[in-house]
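Just so you know, all these numbers are worked out from the coordinates, no wet-lab data involved. In this text the structure is predicted, and so the values were computed from the model without any measurement. As a convention, Cβ positions derive from the backbone with ideal geometry for all residues, glycine included, and neighbour counts pool all protein chains shown.
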Amino acid sequence: MIFRLSTLLVISGAVAAGALLFWTSQSVQQSESRLGKLRQAVQGEEQAIRVLKAEWDYLNRPDRLEFLASEYLDLSVSESEFHVSQDPGDLPETSAPELPQRKPSMQAQPANFTGGGDE
């Protein structure tokens, strides 16, 4: 049985299209697999971030920090050299700042247009 050239071209085109479809299908499956792994990695990182935030909040409790500061830091109340007074009479006299004189204001003059046409 002798095949025509057109029949041979159609069969080879169908085989090429099938091979291309198979290759595309495999590429999509590999990409979906990588995407699934990346999503799992992102979820793991988000979980780690939540754990770290919880640890940070636990370690920065005000009562714990106050205890650690009193235990390990030698803090004392310092005496201020400034005196805070409740009497307004203790404030120094202030003088009003001297403002510069204003420039004379220029008032806008109405425009005087004369018709310079051929009359």
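Placing unit charges on C-beta atoms (Lys and Arg positive, Asp and Glu negative, everything else neutral), compute the dipole magnitude of region 8-73 about its Cα centre in debye, rounded to 20.
Dipole about the Cα centre, nearest 20: 420 debye.
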Fill in the blank from the handout: Rounded to the nearest 0.05, FRET efficiency between D57 and D87 (Cβ-Cβ, R0 41 Å) equals 0.35
Exercise for the section: For I49 and E79, calculate 0.36 nm times their separation in residues minus their Cα-Cα distance, and state this gained length in nm to one decimal. Expected result: 6.4 nm
Practice task
At most 12 other Cβ atoms within 10 Å and a DSSP loop assignment: could you name the chymotrypsin sites (Phe, Trp or Tyr not before Pro) in region 1-104 that fit?
Solution key: F3, F82
Handout entry: Convex hull volume of region 8-73 per residue (C-alpha atoms, cubic angstrom)
Key = 68
Practice task
Could you tell me which of P62, Q47, V28 has its Cα farthest along the dipole of region 8-73 towards the positive end, charges placed at Cβ (Lys, Arg +1; Asp, Glu -1), taken about the Cα centre?
Solution key: V28
